[in-house]
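Notes for the one structure printed next.
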Amino acid sequence: MTNKYSLLKKSCILLAVLFFASCHDIADDDHYKAPDWLKGNAWEVLESEGNHATFLKAIELSGYKPIVNGQSILTVMAPDDQAWQTFLQAEGYSSVEDMFQKNPLQLRKTVGYHLMYYAYDWSKMVNFRPNEGDGATEEQKQNAAGLYYKHRTRSADDMEQMRGKLNGVDTTVTIYHYERYLPVFSHLMFSSKGIDAKSNYEYFYPGSAWTGGNSGFNVSNASVKDVEANVTDNGYLYHVNQVIKPLETIHTTLKNNANYSDFIHLYDTYAQLTEADQETSTSLGKVVYVQLHSPLPNIALEWPVTDYRNVSTLERSTYTIFAPSNQAIGGFFQNFWGPQSGYRSLDDLDPLILEYFIYQSFADNNDPVFPEEIQKELVQTAFGTPVKINTDAVNDRMFCANGIVYGMNDMKAPAIFSSVVGAAFRDTTYQCFLYALDKSELVLSLASDKTHFVALMPSNKQFNQNEPQMRLNVTTQGKNLEVYSDVDGNFANVSSGLARSIVNMHTASNIEELKQTGTQVVETNTAFNYWFVRDGKITTSALFNQQLSPTYQDNPFVPFHEVTNNGQVWDNGRAYSYDYDKLFSEASGDGLTHRLAVGNDKNYEYYLFAQLLQKAGLVQNGTIPSIVSDDTRYIVFVPTNQAIKDNISKIPGCSGLTIGDDYTISGNVSSTNKTLLANYLRNYFISSLMNTITSYPYPGSACKGSFYTMGTETMTIGEEGDGLYVGFHPDNRVGVSRKYFSLPFAFADGCMHFIDGILQ
């Protein structure tokens with residue numbers, strides 16, 4: 001019920017009644033009588049009701065009587081004598097006085113949990129609007145209705161002495177505890193979420209019954225016995241059927257439960273002490289501290305923010321954690337890591353692994369997460385990966401002052417750990433790649449269950465032997481992946497851009513596996529860079545390009561080996577290692593344009609084609625400006641030296657030329673018709689200026705069909721058997737050379753294929 005009168009107006013009426021009564025005999029004048037709803041302050045109302053003596057005694061012993069029996073504006077949750085008797089008996093006390101003698105702090109915390117700051121009428125308890133206030137429109141009331149569910153109470157621990165890291169040094173300081181917040185479960189909270197109120201509330205409070213119906217609310221473990229708010233001189237009063245047990249923070253709740261000591265131990269490796277806000281320090285007359293766990297969620301802090309004026313955040317922001325017990329962590333450690341991983345114990349795990357491991361225990365929700373939402377697969381971890389737990393198998397279901405705990409004795413691998421990059425989190429062999437993954441900010445993408453991936457796992461040794469060299473350096477601030485710079489001769493932190501380049505070159509999307517037989521082209525997550533797989537070996541397009549050098553005598557293909565999840569494939573794909581002595585990297589250097597423009601060595605397979613480009617006047621200053629421009633990508637089909645030698649007389653503008661066995665061009669060179677030759681050579685080039693090029697052509701690629709050339713012809717690219725062909729006309733098809741398995745020489749600016757004839 002919303003009262004028509006403000007508390008201020010009530011006070012003014014009362015003062016007026018007292019003033020006039022002292023001056024005139026008007027006690028019988030109905031016009032000046034106090035209204036019926038003015039029944040006294042909360043203390044007086046409870047005293048007059050006659051069945052709250054225990055609660056009133058507890059209030060008095062705890063030192064709260066001046067607040068309840070005064071003008072302080074508050075909302076009181078009042079358990080009657082029977083509720084207190086049940087509570088005291090369950091807690092092992094003979095009376096409230098006995099509780100005060102044995103544990104005065106517990107009594108004060110309990111009583112304070114029933115005394116809320118500010119005055120909350122029924123509508124505010126059901127649907128508090130911290131931003132719009134009483135002027136909220138009907139439309140505004142529907143937005144996040146019931147989700148501003150936590151209300152500040154006067155329940156707080158005293159300050160305590162704690163030893164911890166302060167600026168990296170073990171120090172004993174005074175820790176400040178903020179007051180607890182009381183959860184109010186409104187029927188609108190559940191309807192806003194589209195879930196059932198009774199089953200979801202009683203999941204956490206099996207000893208309590210949901211009585212909120214379609215218009216009310218429950219308060220933590222207690223039911224409200226009223227159907228509307230009881231107005232008092234200093235606020236509102238509600239009668240509840242149980243003593244409300246003060247909720248602790250998630251951190252305190254887990255710390256007090258020996259079954260979760262391992263998890264708290266891991267979490268507390270991030271503990272740090274920091275000075276409380278200045279306002280708190282000043283009001284207490286001393287410097288006090290709070291315990292944080294950055295970059296992890298601060299579940300040890302009673303308030304998500306320390307500014308009491310930030311009401312909307314304080315009333316709503318909630319942590320939900322899926323906490324593994326010691327049993328769960330022990331079993332998972334043995335199953336996932338084990339002795340073969342290089343990690344001997346929990347304490348031996350890399351700090352970055354711990355951070356991901358713990359962070360994946362948190363839900364990515366600011367609102368409380370109920371079991372029905374998990375069952376409907378509406379909940380994700382803080383990393384954006386799906387939460388898939390059996391809510392019926394949860395061992396400990398704990399509502400806390402700052403959130404919720406789902407405590408489990410069994411756990412599956414978190415989504416990131418069971419994804420294709422899981423090996424980087426499991427094996428010390430891949431620690432450098434682990435840090436590259438983290439720096440790249442691509443971990444979440446690669447943990448997605450919406451796509452199948454293949455990932456290559458480069459070893460620490462491959463990072464260390466790379467050019468430039470990379471290393472994992474340990475400093476007082478932690479570990480950093482560093483790269484050597486030839487410029488200053490020092491190591492510097494790997495940039496996020498370089499890390500993304502490394503990761504993208506080692507991952508591919510929408511692919512099931514690497515084939516052990518035949519030829520396979522894999523488009524990596526670095527655009528226009530490929531893995532070429534042939535008969536159980538792998539290379540990259542950049543390494544494949546080395547075959548263009550006449551002095552290159554090696555085989556660019558190296559063996560690869562599957563890296564399993566303890567014998568099983570990873571949830572969203574497969575992972576492999578490879579035997580190259582350095583990292584696989586993307587194509588770099590001057591690019592294809594420069595190669596063709598300066599190809600003056602007869603040993604290059606594209607030598608004669610490069611010479612024709614020069615004779616046609618298409619080459620200027622080491623580039624081909626009339627064909628290739630900046631920010632374009634092109635495909636060129638280059639006749640081999642032998643193909644040009646055998647067909648030189650058929651090439652427009654070259655009728656006076658001859659080519660010797662050593663590919664020396666002779667004859668009437670001056671008779672070359674540059675215009676005819678230039679127009680003809682342009683037809684070998686396909687540019688992204690005139691075509692959509694999403695991949696380079698290879699057997700199985702999407703780059704097939706008709707394309708506009710940079711000349712006057714239209715070129716057809718087709719596939720036949722396990723090879724490619726090109727042509728201007730159906731009756732003039734030229735095969736792509738099988739010497740290189742019809743695989744493209746791919747560069748940053750384009751790709752080249754060799755063909756076994758000339759195009760006519």
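The values are calculated or read from the model by the stated rules, or taken from the named source; none is laboratory data. Please read these numbers as outputs of a predicted model, since none were measured by experiment. So basically every Cβ, Gly included, is an ideal-geometry build from the backbone, and we count neighbours across all protein chains shown. Only protein heavy atoms, including side chains, enter the accessible area calculation; ligands, DNA and RNA are left aside. Shrake-Rupley method; radii C 1.70, N 1.55, O 1.52, S 1.80 Å.
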Test residue 119 against the stated conditions and say whether it is open to solvent by 20 Å² or more (accessible area, probe 1.4 Å), at pLDDT 95 or above, of a type in the set (A, V, I, L, M) and out of contact with any Asp or Glu (no Cβ under 6 Å at 6 or more places or on another chain). yes
Residue check, residue 410 of a type outside the set (S, T, N, Q), in contact with an Asp or Glu (Cβ under 7 Å, 6 or more places away or on another chain), in a loop (DSSP other than H, G, I, E, B) and under 30 Å from residue 335 (Cα atoms): no
Segment 526-548 - residue that is free of Cβ contacts under 8 Å to residues at least 60 places away in the same chain and assigned to a loop (DSSP other than H, G, I, E, B) and, of those, least open to solvent (accessible area, probe 1.4 Å): 536
List every residue pair whose Cβ atoms lie under 9 Å apart, where the two residues are 6 or more positions apart in sequence or sit on different chains, the first residue falls within segment 392-418 and is free of Cβ contacts under 8 Å to residues at least 24 places away in the same chain and at positive phi, and the second residue, located anywhere, is among the hydrophobic types (A, V, I, L, M, F, W, C) and part of a strand (DSSP E or B). none
Can you tell me which residue among 346, 354 is modelled with pLDDT under 95, open to solvent by 10 Å² or more (accessible area, probe 1.4 Å) and in contact with a Ser or Thr (Cβ under 9 Å, 6 or more places away or on another chain)? 354
Just the residues that are assigned to a helix (DSSP H, G or I), open to solvent by 50 Å² or more (accessible area, probe 1.4 Å) and either among the basic types (Lys, Arg) or under 28 Å from residue 200 (Cα atoms) (or both), please, taken from segment 232-271. 255, 258, 259, 261
Take the residues in segment 653-673 that are assigned to a loop (DSSP other than H, G, I, E, B) and exposed (fewer than 15 other Cβ atoms within 10 Å of the Cβ), then tell me which one is farthest from the chain's Cα centre (by Cα). 668
Could we say that residue 45 is closer than 30 Å to residue 366 by Cα and in a helix (DSSP H, G or I) here? no
Just wondering, is there one or more residues in segment 553-569 that are open to solvent by less than 20 Å² (accessible area, probe 1.4 Å), outside any strand (DSSP E or B) and closer than 19 Å to residue 451 by Cβ? no
Of the residues that make up segment 301-320, is at least one of a type in the set (A, V, I, L, M, F, W, C), part of a helix (DSSP H, G or I), open to solvent by less than 10 Å² (accessible area, probe 1.4 Å) and farther than 30 Å from residue 130 by Cβ? no
Would it be correct to say that residue 713 is surrounded by 17 or more Cβ atoms within 10 Å (Cβ to Cβ) and more than 18 Å from residue 752 (Cβ to Cβ)? yes
Restricting segment 371-399 to residues that are touching a Lys or Arg at 6+ places or on another chain (Cβ under 8 Å) and surrounded by fewer than 17 Cβ atoms within 10 Å (Cβ to Cβ), the one farthest from residue 149 (Cα to Cα) turns out to be 388
Quick one: count up the residues across segment 145-176 that are open to solvent by less than 30 Å² (accessible area, probe 1.4 Å), polar (S, T, N, Q) and not in a strand (DSSP E or B). 1
From 700, 711, residue being in contact with a helix residue (DSSP H, G or I) (Cβ under 6 Å, 6 or more places away or on another chain) and part of a loop (DSSP other than H, G, I, E, B): 711
Every residue from segment 177-231 that is polar (S, T, N, Q), assigned to a strand (DSSP E or B) and open to solvent by less than 20 Å² (accessible area, probe 1.4 Å): 186, 218, 223
So which residues in segment 582-632 are touching a strand residue (DSSP E or B) at 6+ places or on another chain (Cβ under 9 Å) and among the β-branched types (Val, Ile, Thr), if there are any at all? 593, 624, 627, 628, 632
So in segment 357-370, with the set limited to residues that are in contact with a strand residue (DSSP E or B) (Cβ under 8 Å, 6 or more places away or on another chain) and not small (Gly, Ala, Ser), which one is surrounded by the fewest Cβ atoms within 10 Å (Cβ to Cβ)? 364
Residue pairs qualifying under the 8 Å Cβ cut-off, at least six apart or on distinct chains, with the first in segment 39-57 being without any contact (Cβ under 8 Å) to a residue 12 or more places away in the chain and the second being outside any helix (DSSP H, G or I), are 48/39; 48/40
Taking segment 60-77 and keeping only residues that are out of contact with any Phe, Trp or Tyr (no Cβ under 7 Å at 6 or more places or on another chain), assigned to a loop (DSSP other than H, G, I, E, B) and either open to solvent by 60 Å² or more (accessible area, probe 1.4 Å) or at pLDDT 95 or above (or both), one is left with 62, 63, 64, 71
Check on residue 752, in contact with a helix residue (DSSP H, G or I) (Cβ under 6 Å, 6 or more places away or on another chain), under 28 Å from residue 590 (Cα atoms), assigned to a strand (DSSP E or B) and modelled with pLDDT of 95 or more: yes
